Amino acid sequence: DTGVSQNPRHKITKRGQNVTFRCDPISEHNRLYWYRQTLGQGPEFLTYFQNEAQLEKSRLLSDRFSAERPKGSFSTLEIQRTEQGDSAMYLCASSVGQTLNSPLHFGNGTRLTVT
Amino acid sequence: DQQVKQNSPSLSVQEGRISILNCDYTNSMFDYFLWYKKYPAEGPTFLISISSIKDKNEDGRFTVFLNKSAKHLSLHIVPSQPGDSAVYFCAASDDGGFKTIFGAGTRLFVKA
(Lines give C-alpha, C1' and ligand atoms only; values in the text may rest on other atoms or scores of the structure.)
Protein backbone atom coordinates (compact mmCIF):
# COMPACT_ATOMS: atom_id res chain seq x y z
CA ASP A 1 0.00 0.00 0.00
CA THR A 2 1.81 3.09 -1.27
CA GLY A 3 -0.85 5.44 0.07
CA VAL A 4 -2.17 8.61 -1.55
CA SER A 5 0.57 10.60 -3.26
CA GLN A 6 0.43 14.33 -3.92
CA ASN A 7 2.80 16.47 -5.94
CA PRO A 8 4.30 18.92 -5.50
CA ARG A 9 4.54 19.17 -1.70
CA HIS A 10 5.03 22.91 -1.86
CA LYS A 11 4.25 25.51 -4.51
CA ILE A 12 5.05 29.21 -4.35
CA THR A 13 3.57 31.30 -7.13
CA LYS A 14 2.89 34.91 -7.93
CA ARG A 15 -0.62 36.27 -7.98
CA GLY A 16 -2.23 35.83 -11.37
CA GLN A 17 -0.28 32.71 -12.32
CA ASN A 18 -1.88 29.32 -12.95
CA VAL A 19 -0.95 26.28 -10.88
CA THR A 20 -1.72 22.58 -11.20
CA PHE A 21 -1.53 19.90 -8.52
CA ARG A 22 -1.54 16.15 -9.00
CA CYS A 23 -2.98 13.39 -6.84
CA ASP A 24 -2.41 9.66 -7.22
CA PRO A 25 -4.94 7.76 -5.09
CA ILE A 26 -4.62 4.28 -3.65
CA SER A 27 -4.95 2.06 -6.70
CA GLU A 28 -8.08 0.11 -5.75
CA HIS A 29 -9.98 3.20 -4.54
CA ASN A 30 -12.62 4.47 -6.94
CA ARG A 31 -13.58 7.58 -4.97
CA LEU A 32 -11.33 10.65 -4.98
CA TYR A 33 -11.79 13.89 -3.08
CA TRP A 34 -10.13 17.29 -2.96
CA TYR A 35 -10.18 19.31 0.25
CA ARG A 36 -8.64 22.63 1.22
CA GLN A 37 -7.32 23.45 4.68
CA THR A 38 -6.39 26.88 6.00
CA LEU A 39 -4.65 27.69 9.28
CA GLY A 40 -6.74 26.84 12.32
CA GLN A 41 -9.49 25.20 10.31
CA GLY A 42 -10.39 21.66 9.41
CA PRO A 43 -10.36 20.36 5.84
CA GLU A 44 -13.09 21.91 3.67
CA PHE A 45 -14.68 19.83 0.92
CA LEU A 46 -14.01 21.04 -2.63
CA THR A 47 -15.01 18.26 -5.02
CA TYR A 48 -15.56 14.52 -5.38
CA PHE A 49 -15.07 11.94 -8.14
CA GLN A 50 -16.56 8.49 -8.49
CA ASN A 51 -14.20 6.88 -11.00
CA GLU A 52 -13.83 9.53 -13.75
CA ALA A 53 -17.14 11.28 -13.05
CA GLN A 54 -17.08 14.50 -11.03
CA LEU A 55 -20.25 14.10 -8.97
CA GLU A 56 -20.21 17.07 -6.64
CA LYS A 57 -18.55 20.46 -6.39
CA SER A 58 -18.57 22.82 -3.44
CA ARG A 59 -19.59 26.43 -3.90
CA LEU A 60 -16.07 27.13 -2.59
CA LEU A 61 -14.85 25.96 -6.00
CA SER A 62 -15.05 29.13 -8.06
CA ASP A 63 -14.81 29.12 -11.85
CA ARG A 64 -11.04 29.62 -11.49
CA PHE A 65 -10.79 26.08 -10.11
CA SER A 66 -11.07 22.97 -12.24
CA ALA A 67 -10.48 19.35 -11.38
CA GLU A 68 -10.19 16.32 -13.61
CA ARG A 69 -9.76 12.63 -13.17
CA PRO A 70 -9.10 11.14 -16.61
CA LYS A 71 -9.65 7.39 -16.86
CA GLY A 72 -10.57 7.27 -13.20
CA SER A 73 -6.96 7.09 -12.04
CA PHE A 74 -4.92 10.14 -10.98
CA SER A 75 -6.50 13.57 -10.58
CA THR A 76 -5.38 17.13 -11.20
CA LEU A 77 -6.58 20.33 -9.59
CA GLU A 78 -5.87 23.52 -11.51
CA ILE A 79 -6.24 27.04 -10.17
CA GLN A 80 -6.21 29.79 -12.77
CA ARG A 81 -5.31 33.43 -12.07
CA THR A 82 -4.31 32.65 -8.48
CA GLU A 83 -5.20 35.09 -5.71
CA GLN A 84 -3.62 35.51 -2.28
CA GLY A 85 -6.76 34.04 -0.74
CA ASP A 86 -5.99 30.77 -2.52
CA SER A 87 -3.01 30.21 -0.21
CA ALA A 88 -3.80 27.02 1.68
CA MET A 89 -3.01 23.33 2.02
CA TYR A 90 -4.74 21.33 -0.71
CA LEU A 91 -5.46 17.79 0.39
CA CYS A 92 -6.41 14.85 -1.77
CA ALA A 93 -8.12 11.77 -0.35
CA SER A 94 -9.42 8.51 -1.70
CA SER A 95 -11.75 5.80 -0.45
CA VAL A 96 -13.27 2.50 -1.47
CA GLY A 97 -16.68 3.10 -2.99
CA GLN A 98 -18.09 -0.41 -2.75
CA THR A 99 -18.92 -0.08 0.91
CA LEU A 100 -20.85 2.74 2.45
CA ASN A 101 -19.11 5.04 4.86
CA SER A 102 -15.55 3.98 4.20
CA PRO A 103 -12.99 6.34 5.75
CA LEU A 104 -10.96 8.77 3.71
CA HIS A 105 -7.25 8.13 3.15
CA PHE A 106 -5.44 11.44 2.81
CA GLY A 107 -2.23 12.37 1.09
CA ASN A 108 0.25 14.72 2.74
CA GLY A 109 -1.06 17.67 0.78
CA THR A 110 0.28 20.43 -1.45
CA ARG A 111 0.94 23.71 0.34
CA LEU A 112 0.26 26.65 -1.95
CA THR A 113 1.62 30.11 -1.21
CA VAL A 114 0.49 32.95 -3.46
CA THR A 115 2.67 36.05 -3.18
CA ASP B 1 -22.50 27.54 8.80
CA GLN B 2 -20.37 25.15 10.84
CA GLN B 3 -22.15 21.82 10.88
CA VAL B 4 -19.43 20.17 12.96
CA LYS B 5 -18.01 22.10 15.89
CA GLN B 6 -15.02 21.45 18.10
CA ASN B 7 -15.14 24.20 20.67
CA SER B 8 -11.83 23.47 22.40
CA PRO B 9 -8.86 24.56 20.27
CA SER B 10 -6.43 22.80 22.58
CA LEU B 11 -6.21 20.34 25.45
CA SER B 12 -3.29 19.45 27.70
CA VAL B 13 -3.18 16.14 29.58
CA GLN B 14 -0.63 14.32 31.72
CA GLU B 15 0.76 11.05 30.38
CA GLY B 16 -1.21 8.08 31.65
CA ARG B 17 -4.39 10.09 32.27
CA ILE B 18 -7.54 10.17 30.16
CA SER B 19 -7.94 12.58 27.25
CA ILE B 20 -11.49 13.57 26.34
CA LEU B 21 -12.09 15.43 23.10
CA ASN B 22 -15.56 16.76 22.37
CA CYS B 23 -17.52 17.47 19.21
CA ASP B 24 -21.00 18.82 18.49
CA TYR B 25 -22.95 18.67 15.24
CA THR B 26 -26.05 20.37 13.95
CA ASN B 27 -27.17 18.28 10.95
CA SER B 28 -29.51 15.50 12.08
CA MET B 29 -29.02 13.76 8.73
CA PHE B 30 -25.45 12.79 9.63
CA ASP B 31 -25.31 9.04 10.08
CA TYR B 32 -21.59 8.30 10.31
CA PHE B 33 -19.01 9.96 12.51
CA LEU B 34 -15.23 9.73 12.41
CA TRP B 35 -12.15 10.95 14.23
CA TYR B 36 -8.93 11.71 12.38
CA LYS B 37 -5.51 12.44 13.80
CA LYS B 38 -3.05 14.80 12.15
CA TYR B 39 0.67 15.23 12.77
CA PRO B 40 2.55 18.28 11.40
CA ALA B 41 3.43 18.10 7.71
CA GLU B 42 1.23 15.03 7.22
CA GLY B 43 -2.33 14.53 6.03
CA PRO B 44 -5.04 13.47 8.48
CA THR B 45 -5.18 9.74 9.24
CA PHE B 46 -8.32 7.85 10.16
CA LEU B 47 -8.52 6.86 13.82
CA ILE B 48 -11.96 5.50 14.71
CA SER B 49 -15.57 5.78 13.57
CA ILE B 50 -19.11 5.16 14.77
CA SER B 51 -22.39 4.62 12.99
CA SER B 52 -25.49 6.46 14.17
CA ILE B 53 -27.10 3.15 15.14
CA LYS B 54 -24.52 2.70 17.90
CA ASP B 55 -23.66 4.76 20.94
CA LYS B 56 -20.16 3.45 21.60
CA ASN B 57 -17.26 2.03 19.63
CA GLU B 58 -13.97 0.94 21.15
CA ASP B 59 -10.60 0.22 19.54
CA GLY B 60 -7.75 -0.36 21.96
CA ARG B 61 -7.05 2.83 23.89
CA PHE B 62 -9.58 4.80 21.83
CA THR B 63 -13.33 4.92 22.47
CA VAL B 64 -15.88 7.07 20.70
CA PHE B 65 -19.23 7.84 22.33
CA LEU B 66 -22.25 9.16 20.44
CA ASN B 67 -25.22 10.94 22.03
CA LYS B 68 -27.70 11.47 19.19
CA SER B 69 -30.28 13.33 21.24
CA ALA B 70 -27.65 15.89 22.22
CA LYS B 71 -25.95 15.78 18.80
CA HIS B 72 -22.68 15.25 20.63
CA LEU B 73 -19.79 12.85 20.32
CA SER B 74 -16.59 12.45 22.24
CA LEU B 75 -13.30 10.64 21.85
CA HIS B 76 -11.69 9.12 24.93
CA ILE B 77 -8.03 8.15 24.92
CA VAL B 78 -6.87 6.14 27.89
CA PRO B 79 -4.12 5.96 28.91
CA SER B 80 -2.79 8.97 27.03
CA GLN B 81 0.74 8.73 25.65
CA PRO B 82 3.14 11.47 24.45
CA GLY B 83 2.84 10.05 20.91
CA ASP B 84 -0.85 10.93 20.98
CA SER B 85 0.09 14.62 20.81
CA ALA B 86 -1.48 15.77 17.54
CA VAL B 87 -4.46 17.65 16.14
CA TYR B 88 -7.69 15.64 16.29
CA PHE B 89 -10.48 16.31 13.82
CA CYS B 90 -14.06 15.26 14.33
CA ALA B 91 -15.91 14.54 11.08
CA ALA B 92 -19.39 13.53 9.98
CA SER B 93 -21.06 12.36 6.80
CA ASP B 94 -24.41 11.34 5.35
CA ASP B 95 -25.68 9.79 2.11
CA GLY B 96 -23.18 7.00 2.27
CA GLY B 97 -20.23 9.25 2.95
CA PHE B 98 -20.13 11.16 -0.32
CA LYS B 99 -19.20 14.31 1.57
CA THR B 100 -17.40 14.34 4.88
CA ILE B 101 -17.60 17.53 6.95
CA PHE B 102 -14.77 18.29 9.37
CA GLY B 103 -14.57 20.31 12.56
CA ALA B 104 -11.80 22.84 13.13
CA GLY B 105 -9.76 20.42 15.23
CA THR B 106 -8.46 20.19 18.79
CA ARG B 107 -4.74 20.17 19.45
CA LEU B 108 -3.88 17.61 22.13
CA PHE B 109 -0.69 17.91 24.18
CA VAL B 110 0.25 14.89 26.27
CA LYS B 111 2.93 15.80 28.79
CA ALA B 112 5.43 13.20 29.89
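State yes or no: is B:Ser80 free of Cβ contacts under 8 Å to residues at least 60 places away in the same chain and hydroxyl-bearing (Ser, Thr, Tyr)? Write out each step before concluding.
Numbers: free of Cβ contacts under 8 Å to residues at least 60 places away in the same chain: no; hydroxyl-bearing (Ser, Thr, Tyr): yes.
It is false that B:Ser80 is free of Cβ contacts under 8 Å to residues at least 60 places away in the same chain and hydroxyl-bearing (Ser, Thr, Tyr).
If a residue has to be among the charged types (D, E, K, R), part of a strand (DSSP E or B) and within 13 Å of chain B (Cβ to nearest Cβ) to count, how many in the range A:1-51 make the cut? Spell out how you get there, then give the answer.
The initial filter retains those residues of the range A:1-51 that are among the charged types (D, E, K, R), namely A:1, A:9, A:11, A:14-15, A:22, A:24, A:28, A:31, A:36, A:44.
From what's left, part of a strand (DSSP E or B): A:11, A:22, A:24, A:31, A:36, A:44.
Next, from what is left, pick out any that are within 13 Å of chain B (Cβ to nearest Cβ): A:31, A:36, A:44.
Adding up the residues that qualify gives 3.
Could you list, in sequence order, the residues of the range A:52-83 that are assigned to a loop (DSSP other than H, G, I, E, B) and more than 14 Å from chain B (Cβ to nearest Cβ)? Break it down stepwise before answering.
Let us first name the residues in the range A:52-83 that are assigned to a loop (DSSP other than H, G, I, E, B), namely A:52, A:58-64, A:69, A:73-74, A:80-83.
A:Glu52, A:Ser62, A:Asp63, A:Arg64, A:Arg69, A:Ser73, A:Phe74, A:Gln80, A:Arg81, A:Thr82, A:Glu83 - these are the residues of the range A:52-83 that are assigned to a loop (DSSP other than H, G, I, E, B) and more than 14 Å from chain B (Cβ to nearest Cβ).
Would you call B:Leu47 within 12 Å of another protein chain (Cβ to nearest Cβ), within 12 Å of the chain's Cα centre (by Cα) and at pLDDT 95 or above?
Working: within 12 Å of another protein chain (Cβ to nearest Cβ): yes; within 12 Å of the chain's Cα centre (by Cα): yes; at pLDDT 95 or above: yes.
Yes: the conditions hold for B:Leu47.
Search the range B:15-31 for residues being among the acidic types (Asp, Glu) and out of contact with any Pro (no Cβ under 9 Å at 6 or more places or on another chain), and hand back the single one that is nearest to B:Gly83 (Cα to Cα).
To start, the set of residues in the range B:15-31 that are among the acidic types (Asp, Glu) comprises B:15, B:24, B:31.
Subset that is out of contact with any Pro (no Cβ under 9 Å at 6 or more places or on another chain): B:24, B:31.
On the way: B:Asp24: 26, B:Asp31: 30 Å.
If we take residues in the range B:15-31 being among the acidic types (Asp, Glu) and out of contact with any Pro (no Cβ under 9 Å at 6 or more places or on another chain), then B:Asp24 is nearest to B:Gly83 (Cα to Cα).
Name the single residue, out of those in the range B:91-112 being more than 14 Å from the chain's Cα centre (by Cα) and facing chain A (nearest Cβ under 8 Å), that is modelled with the highest pLDDT. Working first, answer last.
Let us first name the residues in the range B:91-112 that are more than 14 Å from the chain's Cα centre (by Cα), namely B:94-99, B:109-112.
Next cut, facing chain A (nearest Cβ under 8 Å) only: B:96-99.
Values: B:Gly96: 60, B:Gly97: 58, B:Phe98: 72, B:Lys99: 83.
Ranking the candidates gives B:Lys99 first.
What is the number of the single condition among (1) part of a loop (DSSP other than H, G, I, E, B); (2) surrounded by 13 or more Cβ atoms within 10 Å (Cβ to Cβ); (3) away from chain A (no Cβ under 14 Å) that B:Leu73 does not meet?
Only one criterion in (1) part of a loop (DSSP other than H, G, I, E, B); (2) surrounded by 13 or more Cβ atoms within 10 Å (Cβ to Cβ); (3) away from chain A (no Cβ under 14 Å) is unmet by B:Leu73, namely (1).
Quick one: in the range B:5-29, which of the residues that are in a loop (DSSP other than H, G, I, E, B) and hydroxyl-bearing (Ser, Thr, Tyr) is surrounded by the fewest Cβ atoms within 10 Å (Cβ to Cβ)?
By that ranking, first place goes to B:Ser28.
Could you say whether any residue in the range B:16-27 is out of contact with any Lys or Arg (no Cβ under 7 Å at 6 or more places or on another chain), aromatic (Phe, Trp, Tyr), within 30 Å of A:Phe49 (Cα to Cα) and within 13 Å of chain A (Cβ to nearest Cβ)?
There is no residue in the range B:16-27 that is out of contact with any Lys or Arg (no Cβ under 7 Å at 6 or more places or on another chain), aromatic (Phe, Trp, Tyr), within 30 Å of A:Phe49 (Cα to Cα) and within 13 Å of chain A (Cβ to nearest Cβ).
List the residue pairs whose Cβ atoms are under 7 Å apart, where the first residue sits in the range A:103-115 and is more than 9 Å from chain B (Cβ to nearest Cβ), the second is outside any loop (DSSP other than H, G, I, E, B) and acidic (Asp, Glu), and the two are 6 or more positions apart or on different chains.
A:Leu112/A:Asp86; A:Val114/A:Asp86
Being more than 18 Å from B:Ser93 (Cβ to Cβ), touching a residue at least 12 places away in the same chain (Cβ under 8 Å) and touching a strand residue (DSSP E or B) at 6+ places or on another chain (Cβ under 6 Å) narrows it down to one residue among A:Gln80, A:Gln6, A:Gln17, A:Gln37; which is it? Show your work before the answer.
Details: A:Gln80 fails: touching a strand residue (DSSP E or B) at 6+ places or on another chain (Cβ under 6 Å); A:Gln17 fails: touching a strand residue (DSSP E or B) at 6+ places or on another chain (Cβ under 6 Å); A:Gln37 fails: more than 18 Å from B:Ser93 (Cβ to Cβ).
The unique qualifying residue is A:Gln6.
Return the only residue of B:Tyr88, B:Tyr32, B:Tyr36 being touching a helix residue (DSSP H, G or I) at 6+ places or on another chain (Cβ under 8 Å), within 13 Å of chain A (Cβ to nearest Cβ) and either among the hydrophobic types (A, V, I, L, M, F, W, C) or surrounded by 13 or more Cβ atoms within 10 Å (Cβ to Cβ) (or both). Working first, answer last.
Numbers: B:Tyr88 fails: touching a helix residue (DSSP H, G or I) at 6+ places or on another chain (Cβ under 8 Å); B:Tyr36 fails: touching a helix residue (DSSP H, G or I) at 6+ places or on another chain (Cβ under 8 Å).
That would be B:Tyr32, the only listed residue that is touching a helix residue (DSSP H, G or I) at 6+ places or on another chain (Cβ under 8 Å), within 13 Å of chain A (Cβ to nearest Cβ) and either among the hydrophobic types (A, V, I, L, M, F, W, C) or surrounded by 13 or more Cβ atoms within 10 Å (Cβ to Cβ) (or both).
The values are calculated or read from the model by the stated rules, or taken from the named source; none is laboratory data. Fair warning: this is a prediction, and the values are worked out from it, not measured in the lab. Note: ideal-geometry Cβ built from the backbone for every residue, glycine included; neighbour counts use all protein chains shown.
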